[in-house]
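Read through the structure below, which is laid out as structure tokens, and then see the notes.
The values are calculated or read from the model by the stated rules, or taken from the named source; none is laboratory data. Everything numeric in this text was worked out from a predicted model, so none of it was measured. Cβ atoms come from the backbone with ideal geometry, glycine included; neighbour counts cover every protein chain shown. Surface accessibility is based on the protein's heavy atoms, side chains included, excluding ligands, DNA and RNA. Shrake-Rupley method; radii C 1.70, N 1.55, O 1.52, S 1.80 Å.
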Amino acid sequence: QVQLVESGGGLVQPGGSLGLSCAASGRFLSINTMGWYRQAPGKQRELVAAITRGGVSRYADSVKGRFTISRDNAKNTVVLQMNSLKPEDTAVYYCNAVYGVSTYWGQGTQVTVSS
């Protein structure tokens, strides 16, 4: 079992920056992929960014060049640094972890980009 606890999020003005952190705990050996998804009202949940244990990352086209994902394998944490935020980035952001054949989710944290 993997438990994911997110921190960060909140209200930020357009063009601003925000960081999200996620810590994994529980009984596991090593988590394969960790990442962040988001879901805006009325829309499907979508991948924002993900990173493998080896450090290979991928991003949604909409956030490339603005968001950076990083990971600390020793601490089982993943961080999403979000810069140049836009109103369309407003959503609930969910931490995600893939361990074996199972996928785990955090409870979500709200990010609102508004003036």
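Determine, from the Cβ-Cβ distance of GLN3 and ASN83 and an R0 of 25 Å, the FRET efficiency 1/(1 + (r/R0)^6), rounded to the nearest 0.05. Let's see the in-between values first.
On the way: r = 29 Å, r/R0 = 1.15.
Calculated transfer efficiency: 0.30.
How much of the DSSP bridge set in the chain is antiparallel, in percent, rounded to the nearest 5?
Values: 42 of 45 bridges.
Percent antiparallel among DSSP bridges in the chain is about 95.
On a straight-distance basis, which lysines could pair with LYS86 in a cross-link, Cα separation under 27 angstrom, same-chain partners fewer than 8 positions away excluded?
Counting by Cα, and skipping residues close in sequence, LYS86 has these lysines nearby: LYS43, LYS64.
Just in the range 1-51: which trypsin sites (Lys or Arg not before Pro) are loop by DSSP and have at most 16 other Cβ atoms within 10 Å?
Working: sites: ARG27, ARG38, LYS43, ARG45; in loops: ARG27, LYS43, ARG45.
Passing both the DSSP loop test and the Cβ count: ARG27, LYS43, ARG45.
Pick from GLN13, GLN44, GLN81: which residue has the top mean-square fluctuation in a GNM of the chain where Cα pairs under 10 Å get a spring?
Residue with maximal mean-square fluctuation among GLN13, GLN44, GLN81: GLN44.
Can you give the accessible area per residue of the chain, in Å², using a 1.4 Å probe?
Working: 6110 Å² over 115 residues.
On a per-residue basis, 53 Å².
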